[in-house]
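Here the structure is laid out as structure tokens; the discussion comes afterwards.
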Amino acid sequence: MSLQQLQQKLPDVRAWIDRTLAAHAAQARPVVDLGFPRLGSYYSPTLLVSTKVIAVAKVPAPPLASMGLTGFDEFENLDAAGITYLSSFFVRHGYERDESLHFHELVHVVQWQHLGPERFIMAYALGHLLSGGYRTNPLEEMAYRLQARFDQHAPPFDVAAIVHPELDRLVPALLGSTLKS
């Protein structure tokens, strides 16, 4: 797959995301309504009010292979507990009260907002392809690292103030990389 092929599929991926979010809009609830005690010490009140969470039996992943995007089998087949699109995220039933998972998905919301949809999708896809998979994707590593700090009850910190400069360093290198055809 080439970088150009990936870029050509961006509208298809974005359309799938928009359709998926629209199909679940009636189930979406603001994160703030869940009443998690610690998230407000790490994220702005505006983010917690504007971000929506949707509980589902299985978190939806885009059918990338059927869109002609190869190399994402692991991602498509993950039995993930959560996944983020734009300013909404899905959590699998049984994880609705998992504050740590919500923290992790909110890191991704901050990433989406800072990069914008097209840059986020490209950076995430390139991170996945170049790093060798989901868990080693730099955007996931960032979320897991911050989640670990949260889980260890580190003193509260401003997630956005950490994520923004890290993305500003990381993403230009990812977007400037080349893929094998």
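Just so you know, all these numbers are worked out from the coordinates, no wet-lab data involved. These numbers come from a predicted model, not from an experiment. Methodologically, a virtual Cβ is constructed for each residue, glycine included, from the backbone with ideal geometry; neighbour enumeration extends over all protein chains shown.
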Ellipticity estimate at 222 nm from DSSP helix runs (n ≥ 4, -39,500 (n - 2.57)) divided over the chain, nearest 500: -16500 deg cm²/dmol
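At a 10 angstrom cut-off on C-beta neighbours, averaged per residue, how do the peptides 10-19, 39-48, 116-125 rank from highest to lowest? List each step's numbers first, then the result.
Working: 10-19: 14.6, 39-48: 16.3, 116-125: 18.6.
Listed from highest to lowest mean packing, they are 116-125, 39-48, 10-19.
If you build the convex hull over the alpha carbons only and average its shadow over all orientations, what do you get for the range 21-88? Give it in nm² to one decimal.
On the way: hull surface 23.2 nm².
Average of the hull's projected areas for the range 21-88 equals 5.8 nm².
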Taking neighbour Cβ counts within 10 Å as the exposure measure, how do 93, 114, 102 sort from fewest upward? 93, 114, 102
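Looking at the range 3-175, what % of its DSSP beta bridges pair antiparallel, to the nearest 5?
Working: 6 of 11 bridges.
Counting only bridges with both partners in the range 3-175, antiparallel ones make up about 55 percent.
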Identify, among 71, 86, 43, the residue whose Cα sits farthest towards the positive end of the charge dipole of the range 31-93, taking +1 on the Cβ of Lys and Arg and -1 on the Cβ of Asp and Glu, with the dipole about the Cα centre. 43
Would you work out the relative contact order for the chain, in percent, from Cα pairs under 8 angstrom that are 6 or more residues apart? 24
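By the gyration tensor of its Cα atoms, with a ≥ b ≥ c the square roots of the eigenvalues, what is the shape of the range 139-180: rounded for a/c under 1.5, prolate for a/b over b/c, or oblate?
On the way: a/c = 6.02, a/b = 2.17, b/c = 2.78.
Oblate, because a/c is 1.5 or more while a/b does not exceed b/c.
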Per-pair calculated FRET efficiency, R0 = 22 Å: residue 4 and residue 141 via Cβ, rounded to 0.05: 0.25
Rg [Å, one decimal], Dmax [Å, integer] - the chain, C-alpha atoms: 15.8, 48
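Nearest 20 debye, what's the magnitude of the dipole of the range 39-173 about its Cα centre given +1 on Lys and Arg Cβ and -1 on Asp and Glu Cβ?
Numbers: 9 positive and 15 negative charges, 30 e Å.
So the magnitude is around 140 debye.
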For the range 1-46 and the range 106-181, what is the separation of their C-alpha centers, rounded to whole Å? 15
